[in-house]
Amino acid sequence: EHTVTEVVTGIDIVQAQILIEEGKSLAEATGVASQAEVKLNGHALQCRVTTEDPLNNFIPDYGRLTAYRSATGNGIRLDGGTAYAGSVITRYYDSLLVKVTAHAQTPEKAIARMDRALREFRIRGVATNIEFVINLLKHPTFLDNTYTTKFIDTTPDLFNFKRRKDRATKILTYIADITVNGHPETAGRPKPAAEVRAPKPPALKAEPAMGTRNLLEQQGPQAAADWMKAQTKVLITDTTMRDGHQSLLATRMRSVDMIRVAPSYAANLPQLFSVECWGGATFDVAYRFLQECPWQRLRELRAAMPNLMTQMLLRASNGVGYTNYPDNVVQAFVAQAALTGVDVFRVFDSLNWVENMRVAMDAVIGAGKVCEGTICYTGDLLDPARPKYDLKYYVAMGLELKAAGAHVLGLKDMAGLLKPAAARVLVKALKQEVGLPIHFHTHDTSGAGAATILAACDAGVDAVDAAMDAFSGGTSQPCLGSIVEALKNTERDTGLDMTAIRELSNYWEKVRAQYAAFESGLPAPASEVYLHEMPGGQFTNLKAQARSLGLEDRWHEVAQTYADVNQMFGDIVKVTPSSKVVGDMALMMVAQNLTRAQVEDPGVEVAFPESVVDMLKGNLGQPPGGWPEGILNKVLKGEAPATERPGLNLPAVDLEAVRQKVTEELRLGDEEAEGETVDDEDLNGYLMYPKVFMDYRDRHRMYGPVRVLPTLTFFYGMNPGDE
């Protein structure tokens, strides 16, 4: 090839031919007096980049080049044609796009330089031979010069390569789509202020100091629980990355905003007990609405906070879903969550049925992680008119959880119903009677959450949940900074650095400003929570559902109906997924203008939501005292409900058969997915939410890894002048 000769001799052969045609002598045309004086400098090789498709018998492809970027750098020469982004490659002309010549002082360096150059190419819209040539360049037979003219025919390995994923073009397609058409999640909702910009996390003050995760890793979960119980100071869990935004922003916070600040937590607040950052509604919302993988979020947060325990909310046999799963599915999910990065598992049952929690708790204990067996608080402990959930009930459940192997006793006040006086009584009794360290979680919907936390601290609680100031209050947790200040200079002083807290809160304040479209709309505390008893994490999501049904202006009717439905079901514990069932029924009744009396009247025909039927069949478990007979008979129409643990009657899933099935579905009609396998994280995601997972993969195939986009660009696209 003349390009190879030219780079190693320094003679422009094409120019020399023209000069000779013009009458110049050979010496004049080449600048070299004789053949003997032609000197070779180094080594070179040429590769032709073409639209010939190696996977289609090298038949030339044709179409429009949607992207074209060539290589450059020292020792690389390009002899190109007319290829450029937007150009059309036809079937009627040469398939050559460009000749690439690499020059270096040794053959090995020339080959390496060529390999690097070919990897720099980005050609989209048509098939090319680049990956085939890259395989050829690194093949041992090519490198040791033993190849023959039959090399390609006898070396099928050359054709084993993945097609380029074209991620940049896909992301650009997404940006264009959102810029032109808008995001369905933000349509018609308030927009962030014009001056809002991507936030910057606080600077790291030091290398991450030893923290609770180091203790867990070195000595195990029981040692971590014993250390927890031995502390005089109140330990703090920050909920901003999970329940904070789940309660205030309908769970819409994206991974990029969490991962960016995670190193600041590790370096600046190593004294935290844990960071709640996974589980609950965040799992399916990541797939469903944010187009990102929840497992990847966990992996990256785990890596960024090596000294802090990560914490998740696990719905026992419901996993992170809304139904009961077979035991082996729950066990596989817990094992994978532990492997990917969860340290503390807060395990609860939506009806406070310990029997339904045992499989999940055993799986956590088997994985060597901290098992926080959890009591869900409801009702009013000090109200004699509601004796169903009295002190005896809560102590008995605490003892059951201790017997089941819990390292820590969680007290989950998901609606913020626990009042200060009741907190003193309950925490004191649990400390004395059960003896496990107690981790208290509440919501500030009523405005009294901080008072309840301080009362619990007076009664000896070991750890409490709070959200960073900017993500606190309302349906979220009480203000972390204020709790730290309130306990300062007391025997229960948390020891946390207020400067670090304020700096982190400043970051979160700027993050929250980007999510104006998802604000809960609760501008002030609401004592109404003592009426409807709605979990803080459900509040914004149920409001969004009401809005989608055109019931936003009838919200107070929805709240009252929610309370009526709870009593109709026998005054149950309301937390996902049981709270979702109550919400589904309430929305249906308001939409159809049905009263509780009408629903309970045997003479009035009612089409109950599927979730209601499923719950009363016993598929979520059993509430204390069972279901009211009247509503049970009307919903099930005489069918006998199941009273055993649902998992007992669910056959085990053949995990490898499911993996194979999903792999085949993903590969179907997708050239990019050829050779792709379904790893354990993806498998567990599919087992929790089959349709949601597959829809996510379809969108990922279309738009690529949009998780890397800034939040404002993800939700609102780009404006002129944006970069």
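Coordinate-derived values only; no laboratory data. As the structure is a computational prediction, the values presented were derived from the model and not from experiment. For neighbour counting, all protein chains shown are included, and Cβ atoms are generated from backbone atoms with ideal geometry for every residue, glycine included.
A few notes on this one:
- Distance violations [Cα-Cα > 22 Å] among K392/K428; K109/K165; K170/K191; K402/K580: K109/K165; K170/K191; K402/K580
- Counting only Cβ charges, +1 for Lys and Arg and -1 for Asp and Glu, the dipole size of region 529-647 around its Cα centre is about 260 debye.
- The length gained by stretching the chain between D390 and L26 to full extension, at 0.36 nm per residue less their Cα-Cα distance, is 120.3 nm.
- Where labels lie 7 Å past Cα in the beta-carbon direction, separation of T663 and E552 in nm: 4.7
- Each peptide in 382-388, 272-278, 339-345, 28-34 receives the mean, over its residues, of other Cβ atoms within 10 Å, and ordering these scores from highest gives 272-278, 339-345, 28-34, 382-388.
- Most to least packed among 264-271, 395-402, 368-375 [average Cβ atoms within 10 Å]: 368-375, 264-271, 395-402
- For region 511-620, the Kirkwood radius over C-alpha pairs fed into Stokes-Einstein at 25 °C and 0.890 mPa s yields D = 167 µm² per second.
- Each part reduced to its alpha carbon centroid, region 1-64 and region 687-723 end up 47 Å apart.
- Restricting the trypsin sites (Lys or Arg not before Pro) of region 16-54 to loop positions (DSSP other than H, G, I, E, B) with no more than 16 neighbouring Cβ atoms within 10 Å leaves K24, K39.
- Those trypsin sites (Lys or Arg not before Pro) in region 49-126 that DSSP places in a loop and that have at most 14 other beta carbons within 10 Å: R91
- Distance from region 560-582 to region 194-251 (C-alpha centre basis), Å: 32
- Cα gyration tensor shape of region 42-164, rounded if a/c is under 1.5, else prolate or oblate by comparing a/b with b/c: oblate
- P(r) tail fraction, the chain - alpha-carbon pairs more than 40 Å apart, %: 44
- Counting only DSSP beta bridges with both residues in the chain, the antiparallel share comes to about 40 percent.
- Cα-projected label distance for R197 with F151, points at 7 Å along beta-carbon direction, nm: 5.4
- Translational D in µm²/s for region 311-391 (Stokes-Einstein at 20 °C, 1.002 mPa s, Kirkwood Rh from C-alpha pairs): 161
- Net lengthening on full extension, S87/N56 (0.36 nm per residue, minus Cα-Cα): 8.9 nm
- Distance in nm between pseudo-label sites at R69 and R701 (7 Å out along the Cβ direction from Cα): 2.6
- Tensor-based shape of region 220-518 (alpha-carbon gyration tensor, a/c under 1.5 rounded, otherwise prolate or oblate): rounded
- Qualifying lysines (Cα of each under 17 Å from Cα of K488; at least 8 residues distant if same chain): K233
- Region 275-429 shape via C-alpha gyration tensor axes, a/c threshold 1.5: prolate
- Euclidean distance between Cα centres, region 609-660 to region 161-182, Å: 43
- When the P(r) is computed for region 233-286, the part past 14 Å accounts for 54% of the Cα-Cα pairs.
- Loop-resident sites, region 614-703, for trypsin sites (Lys or Arg not before Pro), counting at most 11 other Cβ within 10 Å (DSSP): K637
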